[in-house]
Each structure stands twice: as structure tokens, then as C-alpha cells.
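First the structure, in the form of C-alpha cells, and then the observations on it.
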Amino acid sequence: MKTRKILALVMAIALLAVSMSVVASAAGTYTILFNQNKSAFTDVECFDPTGLVITDANNTQIKYSTEYQYFTFSVELDEPLTVYITEIEVFYKGDSCGFVPVVVSHAGGEITPVNNHTHGEICAGCGVVCKNTEHTVSYWVPNGDAGLLTSETETGTCLVCGDTVSRYIEGTATYPSVFATSEILVILLGFVSMIVEAFALI
């Protein structure tokens, strides 16, 4: 009885080993010979495998066609790509043929201000602001707001996004810095003198 059980166990292990070797030999049957014609996409586009060619174990070339139902991919062909995808796995009859590299970038779209220094494009695919560039202003208007030690600002309209932006005009303080500094020192000394006099009267 024990011998039969041991024999059955040995037979089961042998069958499992054979089935595993068959699966192992089937894996890697197909390999990619040529990648697709297009490898750069935006995130409003879907993967296009046109031009993809694989070979089987006999080096027979199999070209992708929409008529072939045996080709599948790690992303659906009607699903827009994302900027995080860098490669797509190719399957033929369920077997992995390997990976094809892709570069996916933001689609861009409506231009919007980002801050006082840059504007960007709202991506039509994912909605984030991308392609940040500096504002382009052709005509700046001084605001006349310079202070004792503060440079004046000037305002302009960006020709690209239409946002109103401002910047400092360096070296346009009302007084030169040397005179401004000495004037402040005179004022401070005046206050100190007044405090000393006030304490002297007490």
C-alpha cells in the first residue's frame, strides 16, 4: 500500500515536471524584430503598433495587422497613454514577445499664467500645467512707486498668455542709497537724542 502511494507521488511529480518544461519551452517563442513606426506620443494619443514585426522560433516574420487577433499589448489600443509609460509589452497568442520603448509627453493646450514669472500650457490629456516658459512682454510701464530705499516697479502684459506681470527697475530708488542711508541715520540719531532728552527731564 505504501509502495503504491509513493509510486503515485513520484508519477505526479514527474507529470508536473514535464508540464513545467513544456510551459518553459513555449515561453519566449516569439521575439520582436522591428519596433512600430511611431515611438513618440502625447497623452491624448493611443499606442499605434503599425510597423511592428515579430519572429517565431523558426525565424518566420509576423507583421502586425489589425486583422490579426493574436496580437495583444499591455495597454489597450483604444486607451490614451500616460506620461508615466516608458515601454509597452507585446504579446502574441498570449506569449510575451518583449517590450517596445515609447516616449509619452504632455499634449499641451490652453495657455495660462503660472506666477509672476512664467506661464504654461494646461495639458489636454491630464490637466496639469506643463511647458513653463517666461512671460514675453514688449512694453513695460513704470508705476512711479519707488520709495526711499525701494526700487520702482513697472508693469506689462504678456504677449503669450495675456497676464499682467510686474518687475523691479533696479537702481531707481528716489534717492541714491548713500544719501538714503545717511538720512536714515540722521533720523535715528534724532530719535535717540529725543529719548535721551526725555530721560534727562525726568
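Hey, can you tell me all the residues within the stretch 69-101 that are open to solvent by 70 Å² or more (accessible area, probe 1.4 Å) and at positive phi?
If the condition is that a residue be open to solvent by 70 Å² or more (accessible area, probe 1.4 Å) and at positive phi, then K93 is the only one that fits.
Just one of the numbered conditions (1) at positive phi; (2) open to solvent by 30 Å² or more (accessible area, probe 1.4 Å) is not true of T66; which one?
(1)
Restricting attention to the stretch 135-155, which residues are touching a residue at least 24 places away in the same chain (Cβ under 8 Å) and touching a Gly at 6+ places or on another chain (Cβ under 9 Å)?
H135, V137, W140
Here's a check for you: in the stretch 49-63, which residue that is in a loop (DSSP other than H, G, I, E, B) and without any contact (Cβ under 8 Å) to a residue 24 or more places away in the chain is surrounded by the fewest Cβ atoms within 10 Å (Cβ to Cβ)?
Pass one, the stretch 49-63, residues in a loop (DSSP other than H, G, I, E, B): 49-52, 56-60.
Keeping just the survivors that are without any contact (Cβ under 8 Å) to a residue 24 or more places away in the chain gives 50-51, 58-60.
Details: T50: 11, G51: 13, N58: 6, N59: 8, T60: 9.
So, considering only residues that are in a loop (DSSP other than H, G, I, E, B) and without any contact (Cβ under 8 Å) to a residue 24 or more places away in the chain, the one surrounded by the fewest Cβ atoms within 10 Å (Cβ to Cβ) is N58.
Of the residues that sit in the stretch 102-134 and are β-branched (V, I, T), part of a strand (DSSP E or B) and without any contact (Cβ under 8 Å) to a residue 24 or more places away in the chain, which one is least open to solvent (accessible area, probe 1.4 Å)? Talk me through it step by step, then tell me what you get.
Step one: list which residues in the stretch 102-134 are β-branched (V, I, T), which gives 102-104, 111-112, 114, 118, 122, 128-129, 133.
Imposing the further condition that a residue be part of a strand (DSSP E or B) reduces the set to 103-104, 111-112, 118, 122, 129, 133.
With without any contact (Cβ under 8 Å) to a residue 24 or more places away in the chain added as a condition, the list becomes 118, 122, 129.
Details: T118: 30, I122: 55, V129: 73 Å².
Among residues in the stretch 102-134 that are β-branched (V, I, T), part of a strand (DSSP E or B) and without any contact (Cβ under 8 Å) to a residue 24 or more places away in the chain, the one least open to solvent (accessible area, probe 1.4 Å) is T118.
The values are calculated or read from the model by the stated rules, or taken from the named source; none is laboratory data. These numbers come from a predicted model, not from an experiment. Cβ: placed from backbone, ideal geometry, glycine included. Neighbour counts: every protein chain shown. Keep in mind that these areas ignore ligands, DNA and RNA; they rest on the heavy atoms of the full protein, side chains included. Shrake-Rupley method; radii C 1.70, N 1.55, O 1.52, S 1.80 Å.
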